[in-house]
Amino acid sequence: MADVTLMKTPAETGLAQAFEAARSLLPGNVESRAKAFEVFNRNGLPHRRVEEFKYTDLRALMREAAPFAPKPSMEQARAALNGARAFAGVPALRVPFVNGHFVREAVAFDAHPEGVEIVPLAEALASGHDWLAHLSPIDWAAENPVYQLNTSFMADGVMLRIAGTVETPIHLRFVTTGDSAVATATRVLVLVEDGASVTLLESHESNDGAGHQPNDVVELIAGDEANIRHIRLNAEGDRALALSTLATKIGAETQLTSVNVTLGAAVSRHQVFARFDGENARAQINGATMIKGRQHADSTLVVEHAAPHCESRELFKTVIDDEATGVFQGKIIVPHHAQKTDGRMMSAALLLAEGAAMNNKPELEIFADDVQCAHGATCGQLDEDLLFYLMARGLPRKEAESLLVQAFLGEAIEFVDNEPAREALVAEVEEWLRKRA
């Protein structure tokens, strides 16, 4: 039987034309970009017959490819950053990106904390900086089509090296602005040296009404005995199609906590690819999602226990209202040599309306025999007995529902140990519930 060749969609055609126009203008190695785009172009946008995208058919969801955003003027960048609100009240070193471009002028290089070194990615790509060897730390993650698109078009970003204990959080602030839809492909590489400790805040914002198409990748390489807290907030605009990836390699005896909170975008997919690269490491990877209307939010997670004696915990909570759709796909992989692995994964969804939908797909691939691994998934409505108990004490129904939703999500958010950041996330949850009420 002959192979079936899918016709190119307008979005795929637009991406191919954009790459041909930009390939000689983008900084860095043209061949590596061409190779990544060749693989993407051969397969096209992933669709429901691709298992990893079974519930998020990007071929159908991305009708047109938005043009890639040019570098904004300083006036445009300042206006966009002044309007950004995510983590605005949290003391931090701001590392801002506007329309996919690093705003170097907004960073106080002379005053940044000791132990933090920042290199603009565009300059590094042009000069062939030594740190570029650390890009794409997980080989199999680089085969992901969303990741390949970012590799093809990445024009700017930063590389950071963290040494020692850095008390001041570092805020990666991504802002997309403009009345017309634009696309971005930003790459951030964070090298955390042995014994270092750091808190990374990451926020993504864009204006309502414009169907922006950000595709941002953060790569986090942790040395041995490091301590990393990563807190991410998706507050994208109401028409955005937001793609994002966290790829992390975890060294021996390192502690990693990552919490992702998703509130924004018409369509979002946040991918986490984590690999344990040394023994006795621990990772806590959480997600808290709140969606309404016709939003579609996908959290996809792959954790590879490539070293023995490691522990991972994954906890994802999803609250769905109206006719929105949530997706959780999680996989824990344990090779034959990774004995004494302890991996536990849980996804729980709360449906607040009849039209709400949730797709859960937890998986375990275990090839070792001395392990403790488990996964679970639940999906249900608010407990009517608890609602009655609260309402019997004088609370209106909407307020009673809000309290139960906050308690439901709190288990995922409580791992944020930076108090101002945790308060900022709780305020986002409360604002979402206030608008619902």
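In table form, for the structure just shown:
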read-out	value
Residues of the range 356-375 classified as more than 21 Å from the chain's Cα centre (by Cα), within 21 Å of Ala288 (Cα to Cα) and open to solvent by 20 Å² or more (accessible area, probe 1.4 Å), total	3
Among (1) among the hydrophobic types (A, V, I, L, M, F, W, C); (2) crowded, with 16+ Cβ neighbours inside 10 Å; (3) under 28 Å from Ala437 (Cα atoms), the one test that Leu386 misses	(2)
Residue in the range 339-355 that is open to solvent by less than 10 Å² (accessible area, probe 1.4 Å), among the β-branched types (Val, Ile, Thr), closer than 27 Å to Glu279 by Cβ and over 23 Å from the mean Cα position of the chain (by Cα) present	yes
Top-ranked residue in the range 400-433 [being of a type in the set (D, E, K, R), in contact with a helix residue (DSSP H, G or I) (Cβ under 8 Å, 6 or more places away or on another chain) and in a helix (DSSP H, G or I); ranked as least open to solvent (accessible area, probe 1.4 Å)]	Glu401
Helices (runs of 4 or more DSSP H) (entirely within the range 1-76) containing at least 2 residues that are within 21 Å of the chain's Cα centre (by Cα) and surrounded by 15 or more Cβ atoms within 10 Å (Cβ to Cβ)	30-43, 58-61
All positions within the range 209-245 that are over 20 Å from Pro96 (Cβ atoms) and part of a loop (DSSP other than H, G, I, E, B)	Gly209, Gly211, Gly223, Asp224, Glu225, Ala226, Asp238, Arg239
Test: residue in the range 301-310 that is closer than 25 Å to Val146 by Cα and of a type in the set (Val, Ile, Thr)	yes
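The values are calculated or read from the model by the stated rules, or taken from the named source; none is laboratory data. Source: prediction; values computed, not measured. Cβ: placed from backbone, ideal geometry, glycine included. Neighbour counts: every protein chain shown. These area figures cover heavy atoms from the full protein model, side chains too; ligands, DNA and RNA do not enter into them. Shrake-Rupley method; radii C 1.70, N 1.55, O 1.52, S 1.80 Å.
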